[in-house]
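The values are calculated or read from the model by the stated rules, or taken from the named source; none is laboratory data. None of these values were measured; they are calculated from a predicted model. Here Cβ is always computed from backbone atoms with ideal geometry, including for glycine, and neighbour counts include all displayed protein chains.
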Amino acid sequence: MDPSVVATEKTRLPRRGRPILWAFQRPLHLERLALLAQRVSGVAILVYLFFHIFVTGTVTEGRGVWESTMGALSNPLMHLGEWLVVVAATFHAVNGIRVMLLELTPLVGKPARPDYPYEAKSLGKGQRSVLYVAMLMTSLAGLAGVVILWGL
Amino acid sequence: MRESTLQRINYAMILAIFVTLAVHLATHAFLGVSGYEDSLTYASVVGRYRAFSTVLTLGVLLIAACFHGLYGLRNILLETRWGARRHRLVSTATRLLGVAMVGWGLRTIVLTTWGV
């Protein structure tokens with residue numbers, strides 16, 4: 001292999017573009033926005049998981065500590081947080097299925113010569129329909145969350 | 001470990017999350033409880049930890065969710081800037097965080113199942 005293309009430990013590779021703004025580069029793509037939403041929702045769920053593990057750990061301290069912790073967390077702000085977790089997890093799960101289908105199945109499309117207007121073969125109607133399903137299910141999960149958490 | 005191996009493990013973890021998270025959510029909604037509020041009472045929580053099936057589900061969910069979440073975070077952090085030193089730093093930090101999260105979660109499971 002050409003040694004110039006091999007990254008060694010001393011190689012200083014260039015920084016990529018600004019972390020979030022790539023999602024809003026024109027022309028806008030729904031898939032690019034979905035990738036951003038997938039990452040934001042993933043990090044949000046990880047932050048929730050971190051606190052969830054340590055809050056759940058208070059059950060080992062006995063009934064009093066557990067009930068006071070649950071009492072402190074039972075407020076409208078926390079319910080809003082739980083609702084956001086439900087919405088984020090639903091989108092992350094269904095859009096994640098779309099990403100896995102693109103990675104592991106022929107849904108990604110066959111490679112072809114890039115001709116004008118250079119439409120990416122991987123961004124076909126099949127995967128786009130899964131993305132619409134993800135958006136629909138996220139909306140439904142949001143509605144269900146409102147019903148369960150606030151009893152509306 | 002090779003990146004392709006890590007990705008394969010990640011796929012397995014995703015499948016494990018789909019199954020165990022469904023069971024976990026069911027135990028907070030209708031499986032053995034009358035609703036969400038009921039599932040958070042002390043007796044209900046400790047009672048679930050005493051059932052082997054719940055302990056197994058929670059253990060698998062804990063490990064799978066921590067691996068998947070921290071592997072994803074590592075990939076995001078490695079994409080923003082490259083370099084061997086950064087690679088080592090990010091990999092080590094996410095590994096340590098994973099050990100802390102899984103360790104604390106397993107401590108909760110063990111103490112609640114056999115202690116309290």
query: Under the condition of being surrounded by 15 or more Cβ atoms within 10 Å (Cβ to Cβ) and not polar (S, T, N, Q), which residue from segment B:88-105 is farthest from the other protein chains (Cβ to nearest Cβ)?
result: B:VAL90
query: Applying the selection to segment B:45-59, what residues are surrounded by fewer than 18 Cβ atoms within 10 Å (Cβ to Cβ), more than 11 Å from chain A (Cβ to nearest Cβ) and of a type outside the set (Phe, Trp, Tyr)?
result: B:GLY47, B:ARG50, B:ALA51, B:SER53, B:VAL55, B:LEU56, B:GLY59
query: Hey, which of the helices (runs of 4 or more DSSP H) in segment B:27-116, taking only ones fully inside, have at least 2 residues that are free of Cβ contacts under 8 Å to residues at least 24 places away in the same chain, β-branched (Val, Ile, Thr) and in contact with a Lys or Arg (Cβ under 7 Å, 6 or more places away or on another chain)?
result: B:52-80
query: Out of all the residues in segment B:19-37, is one or more among the aromatic types (Phe, Trp, Tyr) and closer than 27 Å to A:THR69 by Cα?
result: yes
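Residue by residue, here is whether (1) touching a helix residue (DSSP H, G or I) at 6+ places or on another chain (Cβ under 6 Å); (2) not hydroxyl-bearing (Ser, Thr, Tyr) holds:
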{"position": "B:CYS66", "(1), (2)": "yes, yes"}
{"position": "B:GLY69", "(1), (2)": "yes, yes"}
{"position": "B:VAL90", "(1), (2)": "yes, yes"}
{"position": "B:ALA93", "(1), (2)": "no, yes"}
{"position": "B:THR108", "(1), (2)": "yes, no"}
{"position": "B:LEU111", "(1), (2)": "yes, yes"}
field: Meets criteria (at pLDDT below 95 and over 19 Å from A:TYR48 (Cβ atoms)) for B:LEU111
entry: yes
Residue that is surrounded by 14 or more Cβ atoms within 10 Å (Cβ to Cβ) and polar (S, T, N, Q), where the choices are A:THR138, A:THR105: A:THR138
